Amino acid sequence: MEKKSLIMLIDDEKDLVDMLSFQFQAKGYDTVTASNGLEGLEMLNKVRPDLIVLDLNMPKMGGIEFYQKICGSDGRPAYPVLVLTARANMEQLFKDLEIDGFMAKPFDVDQLIQEAEIIIKKKAQISKVVQQDKKSLLRSVYVIENDQPVREEIALALLRAGYRVACASTGNLANSVAANAANAGLKSYVLIPSNLEQGKVLGSLVYGTNVIGIKGPYDQVNRLCSEIAGKYGWGFVNVNLRPYYAEGSKTMGFEIAEQLGWKLPRHTVACMASGSLLTKIHKAYKEFIDLGIVEQSDFTIHGAQASGCSPISTAFKAGSEMVKPVQNPDTIAKSLAIGTPADGYYAIRSMKETGGSCEDCSDEEIVEGIKLLAETTGIFAETAGGVTVACAKKLIETGKIPKDESAVLCITGHGLKTQEAIIGKVGEPRVIGASLREFEALVADEVNVKS
Ligand SMILES: Cc1ncc(COP(=O)(O)O)c(C=O)c1O
């Protein structure tokens, strides 16, 4: 006998839920019900519905919060969702989200059932196609599992079983993958644009990994990696294993809160390549608030890019969420030179949601930023850190970060890795013989020495 599809109804109007439950059952569906988002979440520990019919306006946990909680790191909900709301004018908003259906209250019950049936059938067809694809690609390993932790556990088990681990990188991830693979005893390959700084290349080679330089910008490296992943089933840390990589970036947000004595800063400035780090700092702050580890407080997250590759900043400044690719990135901040940022859209949403801004800066400003940070704090940052500092300076000068409010600048890489960017721009040592007389003559105008 074919298994009945399960519909979860979440609405605080008991009469409506009872009536819908009855109607769906009469049509051959199984139903479970919840009167608010919290109850719905609890129920998801026990059942895996084929569709969630979700009211928005509910006490305890409303539909929007519930929806956010069932979204994965890719921003998509783990289950098909049909939203019910009394506000018909919100339809456009929902079209922008990854929801499957929308009904404005009061609605026609038959129409709702019809809509639900369409969604369930469509999803069943998609999953059938995915299953067929799986059969025709036996050489690759795809993990198809709705539940993210389970999916990640399976992927990790595969890696442990000796699958190759690889990455497409602008340099820093390459160093990290090479080091961690060496530590875990896994065979690793890192694919990077062939023109990266020497410090980044050596920082991978030293771990005995296979470094492959690709002639072309990062986007082409990334495209090639997707092809390799598709054909050979290799685990690419930032392609088909991206949830690990992305969730790992939350650590930065957690550590910021920890180092501030379990408080959130009023402002955070993060540099962006794919945009992932910024969105994950945002996620980390929200998770700590939800868990009660930090107090709920206003926080604002700002983004920073190099003008020579600023697809996210350009879209943000134009008031758009459509990130237009940059074909030929041209900046000394090579670690941020991603022309097609995978998480650009989500980074813009994070900045908007927190009332943040976005800035970009020239190569000269990046070098000035590196120098300013070094001279005032004793921290030697790589070019990405220079971008953060230069953009933060602009945000302060334009009043977007008021001078009397706390701000954290994310300095994400060490300057020794991008020495090329500042060679010849920070002066040269003055050379003398090893004699006290020569030393005194040299510094006589600067300090009080007898010559
Ligand atoms: C030094 C450094 N900072 C920041 C980033 C930001 O990364 P994303 O926006 O892709 O998370 C990167 C990415 O490679 C990086 O290398």
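The values are calculated or read from the model by the stated rules, or taken from the named source; none is laboratory data. In this text the structure is predicted, and so the values were computed from the model without any measurement. Note that each Cβ is placed from the backbone with ideal geometry, even for glycine, and that neighbours are counted across all protein chains shown.
Just one of (1) away from the ligand (no atom under 13 Å from the Cβ); (2) closer than 21 Å to Gly303 by Cα; (3) not in a helix (DSSP H, G or I) trips up Pro429, so point out which. Checking Pro429 against (1) away from the ligand (no atom under 13 Å from the Cβ); (2) closer than 21 Å to Gly303 by Cα; (3) not in a helix (DSSP H, G or I), the one that fails is (2). Any residue that is basic (Lys, Arg) and buried (at least 24 other Cβ atoms within 10 Å of the Cβ) - is there at least one of those in the range 277-298? Scanning the range 277-298 turns up at least one residue that is basic (Lys, Arg) and buried (at least 24 other Cβ atoms within 10 Å of the Cβ). Taking the range 1-117 as the region of interest, the strands (runs of 3 or more DSSP E) fully inside it that hold 1 or more residues being modelled with pLDDT under 85 are 81-85, 101-104.
Note on the range 342-354: residues that are touching a helix residue (DSSP H, G or I) at 6+ places or on another chain (Cβ under 6 Å) and away from the ligand (no atom under 12 Å from the Cβ) total 1. Within the set Ala257, Ala306, the sole residue that is within 22 Å of Ser169 (Cβ to Cβ), more than 9 Å from the ligand (Cβ to nearest atom), in the same structural domain as Ala407 (by TED's automatic domain parsing) and touching a Leu at 6+ places or on another chain (Cβ under 7 Å) turns out to be Ala306. As a summary of the residue check, Pro311 satisfies the conditions (1) away from the ligand (no atom under 13 Å from the Cβ); (2) free of Cβ contacts under 8 Å to residues at least 60 places away in the same chain except for the one numbered (1).
Whether a residue is surrounded by fewer than 24 Cβ atoms within 10 Å (Cβ to Cβ), touching a Cys at 6+ places or on another chain (Cβ under 9 Å), modelled with pLDDT of 95 or more and more than 25 Å from Val221 (Cβ to Cβ) was assessed, and Lys394 passes this test. Could we say that Met272 is within 15 Å of the ligand (Cβ to nearest atom), crowded, with 20+ Cβ neighbours inside 10 Å and modelled with pLDDT of 95 or more here? When the stated conditions are applied, Met272 passes them. Residue count for the range 316-341 satisfying the condition of being part of a loop (DSSP other than H, G, I, E, B) and within 11 Å of the ligand (Cβ to nearest atom): 4. Quick check: anything in the range 378-400 within 13 Å of the ligand (Cβ to nearest atom), out of contact with any Asp or Glu (no Cβ under 8 Å at 6 or more places or on another chain) and of a type in the set (Asp, Glu)? The answer is yes; a qualifying residue exists.
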